[in-house]
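Notes for the one structure printed next.
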Amino acid sequence: MAAAEQQPPAVDGGKVDITEELLRGQLYPEAAPEEFRALRAKMGGLLQSIASADMDLNQLEAFLTAQTKKQGGITSDQAAVIAKFWKNHRVKIHESLVNQSCWDNVLKNMNWRVDLKSQSRHVDQINTPVAIVEMELGKYGQESEFLCLEFDEAKVSQMLKKLTEIEESMTALTQTT
Amino acid sequence: MAAGSVVLLTRALEALDVGGAADKINLIPQDFFAELFVDIKWKLGVAMSSDTCRSLKYPYVTVALKVADSSGQITNKCFEMTVPQFKNFFRQFKEMAAVLETV
């Protein structure tokens, strides 16, 4: 069984449903539907195991080798194709799984500018620079809330101090794991 | 929008001596509804595992921004950031500080 190196089906901006029938027609038009279903289920199952464990190359090799040795397993050609696919897409797939498990608000986007704010109520016109920050907050796949915040220089310093604390904690964490 | 700012907005709109409502709205600066940053609280965690992925193992920081609106009311805005998202967030504030210094 060769890998499907053919042109992928023309998917109109993700609006076409990737059905089993579509895949079969594009990849293995001569295969019987039940035969294709079994193949798809087997490959899908293997990829799910690999993705769920976020396997590194060593784990992947051991896993795929075991699969080639068992009854009703895969051929070494199939193993090679799966390995190639995982190496190329591991990071993106893992990132997608990470995002799927985040159900709280995330910072989708952030813009800022610096203004000179004049205090006209005072006798002395004091021009203080302020940062205006717009943050787009929301859950993945849901509508966003736009938060507009004002920071003076002192508040930016305060923020930087806290962010430095976070960074130090992150560094400490990644060093111990 | 807090009740206080609706009153302010109405007065501001009336004071603008230009065309219709649409024209007036376009003249309102983006930061009219800006809230004041008060404080930030944070928590660092590691997502280990989920129903779709047994080996997630990604650190993330949850922050709660304490903000005050024009009437002085305090609210908490919470959100999560992964490590790369946090790094970008941090970098933006460093840039902001640099610009504020030069202005």
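Computed quantities for the displayed model
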| item | result |
| --- | --- |
| Long-range HN-HN contacts of A:Lys117 with modeled amide H, under 5 Å | A:Thr128, A:Val130 |
| A:Asp54, A:Asp152, B:Asp51, ranked by accessible area, largest first (probe 1.4 Å) | B:Asp51, A:Asp152, A:Asp54 |
| Per-pair calculated FRET efficiency, R0 = 22 Å: A:Thr19 and A:Ser49 via Cβ, rounded to 0.05 | 0.40 |
| Of A:Lys84/B:Lys87; A:Lys162/B:Lys77; A:Lys155/B:Lys41; B:Lys66/B:Lys87; B:Lys41/B:Lys87; A:Lys108/B:Lys57, pairs whose Cα-Cα distance is over 19 Å | A:Lys84/B:Lys87; B:Lys66/B:Lys87; A:Lys108/B:Lys57 |
| Average beta-carbon neighbours from other chains, 10 Å sphere, peptide A:107-115 | 4 |
| Computed E for B:Val46/A:His89 - FRET, C-beta separation, R0 30 angstrom, nearest 0.05 | 0.80 |
| Shielding by partners - mean other protein chain Cβ count within 10 Å, residues of A:160-172 | 4 |
| Evaluated at q = 0.15, 0.20 Å⁻¹: base-10 log I(q)/I(0), Debye formula over Cα of the range A:60-177 | -0.95, -1.17 |
| Electrostatic dipole magnitude of the range A:67-169 [Cβ: Lys, Arg +1; Asp, Glu -1; Cα centre; debye, to 20] | 820 debye |
| Which of B:Leu44, A:Leu107 is most accessible, then next, and so on - probe 1.4 Å | B:Leu44, A:Leu107 |
| Average partner coverage of A:140-148, which counts Cβ from other chains inside 10 Å | 2 |
| Length-normalised contact order for chain A - Cα pairs under 8 Å, 6+ apart - percent | 12 percent |
| Sites A:Gln142 and A:Glu34 - FRET efficiency at Förster radius 35 Å, r taken between beta-carbons, to 0.05 | 0.35 |
| Gaussian network model of chain A, springs between alpha carbon atoms under 10 Å - residue of A:Val106, A:Val156, A:Val81 with greatest fluctuation | A:Val156 |
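The values are calculated or read from the model by the stated rules, or taken from the named source; none is laboratory data. The shown structure was predicted, so the numbers you read here are calculated from the model rather than taken from an experiment. Cβ coordinates were reconstructed from backbone atoms using ideal geometry, including for glycine residues, and neighbour counts include every protein chain displayed. Areas reflect the complete protein model, heavy atoms only, side chains present, ligands, DNA and RNA absent. Shrake-Rupley method; radii C 1.70, N 1.55, O 1.52, S 1.80 Å.
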